[in-house]
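Here is the structure we will look at, set down as structure tokens.
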Amino acid sequence: MAVKIGNCTGHYEMLEIIRRFSKGNGIIGESSYSGTGNGGMSEENVSPSGSNEVWTVACVDVTIVGEELWSVTGSTTGALPQYTTGGLYSETLVGFQIDAGGVDFILGDTFTVVGSSFTGTGDGVINNLNASPDAVTEVWTVVCTSAAVPGAEAWSVTGSVSGAQAAATTGVSYTNTFIDGFDIIAGSGNFAVSDQFTFDVTQAILAASSEGWTEERHIDDVLNGQSQPNIEMILKGPGLSGTEEIWAAFTSYQSISSDYYNISFGGTAGYVDSLILDDQPGHSGQRWMPCWNLGIRYWLAVNGQKITLITLIETHYFIAYVGKHLAFNSLGQFPYPITVMATDDTESTRYSAAGSNDLFNATSKARRISGLWESVYMAPLNDAYQIFGINSHGAHCPTLSMEDSRDVNGTYPLMPCTLIHPTDGALGDLDGVFYVTGFSAAAEDIITAEGTENIMISNNQATGLSDYIALRLE
């Protein structure tokens, strides 16, 4: 499984992050350093829209050694939120991690992060760098081979592993098997033969483990009545075996006048290119997660069979899940046990009006052997059919004191989130999502279970002992 934790702005950026991360697009970014401290930078990552900027990361506060503060500034975007040594920085346009070394950082120590580097005569740029899900870890070299026509120069494109690819031309969008695209844009000074761009690509975790999702559909050019695009995206997962077909559908719905900006999650049992989403085989109907058009903190966990998203909107936490659950039967008995859940079945719910996330109510949907989608509850978070006993704090637990207990080593026990059907009982467990007590804990606490870190998340704004889940961070 791969996990991405970061910040973005608005529901459109959130959908694009789901898209690129779930597909396993290659990661582009490189850095240089000047200063006194001998720590290092890793995990460099610039998005296609941030790849033509120079990102300056400068040490501005050394009060706490090992937790120095750094300013982050884009040559075009300007200042972004500050960064603290030791953590993973992940904004929409740029990401990285700085770790301390044996010699402390001092004020003014500076890292520079770029999508590409250039040597030569011209002053143009290479823009919108985007590595494909087929990208491997290598260095790409783009060299001007003919400058006979200014503004339409020819360029060779060579990967250190993938070898020579089709040539590129200034002013013409470029793509190949390993690169989803880039644009070489002329400046005021003409390019010359031997001018050269280089950029580093790192293979994504999902691509390396053959768990990346394939894009079946992506529509972003249909506008609503307020001239905003209605996004529609359908992805196909390979399962954990790499041979399965698991479909997940995502859409956007927004209104400037009503101030809601939402995204939806759904499942299908197949894909037909000529059909609209509602008519796709075995479509579940969409479940909606409230977002907005400002800053979003997110936790995205993906493997070959499921996509889980948790967001923080102001002080509200929301969770959505689409994909296979861990069914209590063999694949031969039921090969396609999938679940869809988010916050609401209403597309226009504003984030501030949503009272409960879907793990705590009765509107989650699971696909049954009949092919129908039916409502399920999530025990022990919500158990309308009294499969579990009710403890003194209102949680449904097989052991009434479970929500208060800790292991003897001080860690928290995790309980599976089990899908409960009204007539058929327990169907299976969610993959990587658990119930955990909120006893002496708070949202975003990290707890370790079986050697794996998990983050605690509350039900929207609730803080009761039985109002928490844990998301596995692998």
| note | Scanning the range 100-145 for residues that are charged (D, E, K, R) and within 31 Å of the chain's Cα centre (by Cα) gives ASP109, ASP134, GLU138
| remark: With criteria (1) more than 20 Å from PRO81 (Cβ to Cβ); (2) in contact with a helix residue (DSSP H, G or I) (Cβ under 8 Å, 6 or more places away or on another chain), CYS291 comes up short on (1)
| remark: Considering residues that are assigned to a strand (DSSP E or B) and touching a residue at least 40 places away in the same chain (Cβ under 8 Å), the number found within the range 457-473 is 8
| note | Considering the range 198-250, residues that are hydroxyl-bearing (Ser, Thr, Tyr) and under 30 Å from THR158 (Cβ atoms), and then whichever is surrounded by the fewest Cβ atoms within 10 Å (Cβ to Cβ), we arrive at SER210
| request: Please work out which one of (1) within 25 Å of ARG350 (Cα to Cα); (2) hydroxyl-bearing (Ser, Thr, Tyr); (3) surrounded by fewer than 17 Cβ atoms within 10 Å (Cβ to Cβ) is the condition TYR260 fails and give its number. | output: (3)
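Each row is one residue, and each column tells you yes or no for (1) surrounded by fewer than 20 Cβ atoms within 10 Å (Cβ to Cβ); (2) over 20 Å from GLY242 (Cα atoms).
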site	(1), (2)
ILE313	no, yes
TYR317	no, yes
GLY323	no, no
PRO335	yes, no
| query | Is it the case that ASN45 is crowded, with 16+ Cβ neighbours inside 10 Å and part of a loop (DSSP other than H, G, I, E, B)? | reply | no
| query | What are the residues in the range 65-108 that are assigned to a loop (DSSP other than H, G, I, E, B) and over 26 Å from TRP299 (Cβ atoms), if any? | reply | VAL65, SER75, THR76, GLY101, GLY102, VAL103, ASP104, PHE105, ILE106, LEU107, GLY108
| said: If I go through the range 434-456 residue by residue, how many of them are surrounded by 20 or more Cβ atoms within 10 Å (Cβ to Cβ) and assigned to a loop (DSSP other than H, G, I, E, B)? | reply: 3
| task | Might you check whether a residue that is surrounded by fewer than 23 Cβ atoms within 10 Å (Cβ to Cβ), assigned to a loop (DSSP other than H, G, I, E, B), modelled with pLDDT of 85 or more and touching an Asp or Glu at 6+ places or on another chain (Cβ under 6 Å) occurs anywhere in the range 362-381? | result | yes
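The values are calculated or read from the model by the stated rules, or taken from the named source; none is laboratory data. None of the values given here were measured: they were computed from a predicted structure. Please note: Cβ atoms are built from the backbone with ideal geometry, for glycine as well, and neighbour counts cover all protein chains shown.
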